[in-house]
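J.: Quick one: the structure is below, questions incoming.
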Amino acid sequence: MKNILAIVYIAIIFTAQASAATAGAETRAAGAPTVLLDVNKLKLASSNVLVLDATAGHPIYAKAADAVTPIASVTKLMTAMVVIDAGQPLDETVPIEIADLDLLRGSHSRLRLGVELSRREMLRLALMASENRAASSLARHSPGGLEAFIAAMNKKAADLGMMHTHFSDATGLSSENVSTANEVALMVKAAAAYPMIRDATTTSSHYVEVQPTGALLGFNNTNSLVRGGEWNIQLSKTGFIREAGKCLVMLATIASRPIVIVLLDSYGRLTRVGDANRVKYWLETGEAMPVLKAVKGVIRPKHLGKAATPKMAAASPLPRTKPAPV
């Protein structure tokens, strides 16, 4: 009898150990961020934030993520989806006309009146360089014209479940283009399904030959993190108008996971980039990013190897002029 009890006892112990090992393995495999990460260590200056595990579909960090706020040129992700969905010839040329000028804010554009580019190139510049005239021209030269295009944007938003989102224009210059961090994340995930949008938003720089003059113009990505090349970014879009503050949305691979980052209403020239780097560092290390003073890069905790070191992209100097909407 004692032998039987001993055998049963040993069997129970081994079963318990096996179950514990399996549970531990599943926890490590899932990499559950709610268990491994302390949200109190992440301090962000942006007013509206969502950090989302794109695969699991659950938020890792949220801050006022349901508050409705203007989203500026982040709008152009929806503009691009509607343009592509319309199925018009991408190699067909469309012009920049008087109706495409920004009379609301007077933003600068290198695409002058009379310039013609293919729909494909207009789309790339609208996404990569946040060219407002390009976005406006695309919307006006769509089936049914501008009014029908804006209606299609709002229908697409509703279809995606963006119930608190509204669009009044295709550029994002209007402060009536509003959404929430949670709903912008839905738009980012939807836009990431379009290869053309992924490619355009992650292109560092691009040259176009404008017609009818044949002049060659160069454009840069408005996201310095894309230009810096230190991140693994699959989709990116910036935005700025006074009412929206500085905005930045990205789909990026961080700590071997696809992560959606939504940063809305950031104050200051570099805040949105700083917040993005803080999110990346926190996801990779579980720690708050050290405060740096006149130091390039990021201080690496002693317990981390070289490969785990997140790096901060150098910021390009900007002239001291009134910020332009992007």
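J.: For the stretch 252-276, how many residues are under 22 Å from L37 (Cβ atoms) and either of a type in the set (G, A, S) or open to solvent by less than 10 Å² (accessible area, probe 1.4 Å) (or both)?
T.: Result for the stretch 252-276: 14.
J.: A further question on this structure: Which condition breaks for E243 when tested against (1) at pLDDT below 95; (2) more than 17 Å from the chain's Cα centre (by Cα); (3) open to solvent by 40 Å² or more (accessible area, probe 1.4 Å)?
T.: (1)
J.: For residues in the stretch 110-142 being touching an Asp or Glu at 6+ places or on another chain (Cβ under 6 Å) and polar (S, T, N, Q), which is nearest to R242 (Cα to Cα)?
T.: Among those residues, the one meeting the criterion is N132.
J.: Condition (residue is hydroxyl-bearing (S, T, Y), without any contact (Cβ under 8 Å) to a residue 40 or more places away in the chain and outside any loop (DSSP other than H, G, I, E, B)) applied to the stretch 229-241: is it met by at least one residue?
T.: Pass one, the stretch 229-241, residues hydroxyl-bearing (S, T, Y): 236, 238.
After this cut, where a residue has to be without any contact (Cβ under 8 Å) to a residue 40 or more places away in the chain as well, the list is 236.
Now drop any that are not outside any loop (DSSP other than H, G, I, E, B), which leaves 236.
Yes; the residues of the stretch 229-241 include at least one that is hydroxyl-bearing (S, T, Y), without any contact (Cβ under 8 Å) to a residue 40 or more places away in the chain and outside any loop (DSSP other than H, G, I, E, B).
J.: Out of (1) more than 17 Å from T93 (Cα to Cα); (2) buried (at least 24 other Cβ atoms within 10 Å of the Cβ), the odd one out for A126 is which?
T.: (1)
J.: Follow-up question, since we're still on this one. Could you tell me which of the residues E121, E97, E116, E92 is touching a helix residue (DSSP H, G or I) at 6+ places or on another chain (Cβ under 6 Å) and among the charged types (D, E, K, R)?
T.: E92 is the lone residue from the list that is touching a helix residue (DSSP H, G or I) at 6+ places or on another chain (Cβ under 6 Å) and among the charged types (D, E, K, R).
J.: Okay, next question. Out of V249, V226, V279, V298, report the one residue that is surrounded by 15 or more Cβ atoms within 10 Å (Cβ to Cβ), at pLDDT 95 or above and farther than 18 Å from M128 by Cβ.
T.: Details: V249 fails: farther than 18 Å from M128 by Cβ; V226 fails: farther than 18 Å from M128 by Cβ; V298 fails: at pLDDT 95 or above.
When all the criteria are applied, what remains is V279.
J.: Scan the stretch 266-292 and report the pairs whose first residue is touching a residue at least 12 places away in the same chain (Cβ under 8 Å) and whose second residue is open to solvent by 10 Å² or more (accessible area, probe 1.4 Å) and among the acidic types (D, E), with Cβ atoms within less than 8 Å and a gap of 6+ or a chain change.
T.: Final answer for the pair search is Y281/E287; G286/D38.
The values are calculated or read from the model by the stated rules, or taken from the named source; none is laboratory data. Note that this is a predicted model, so its numbers are computed, not measured. Backbone-built Cβ (ideal geometry, glycine too); neighbour counts: all protein chains shown. We work out accessible area using only protein heavy atoms, side chains counted, and drop any ligands, DNA or RNA first. Shrake-Rupley method; radii C 1.70, N 1.55, O 1.52, S 1.80 Å.
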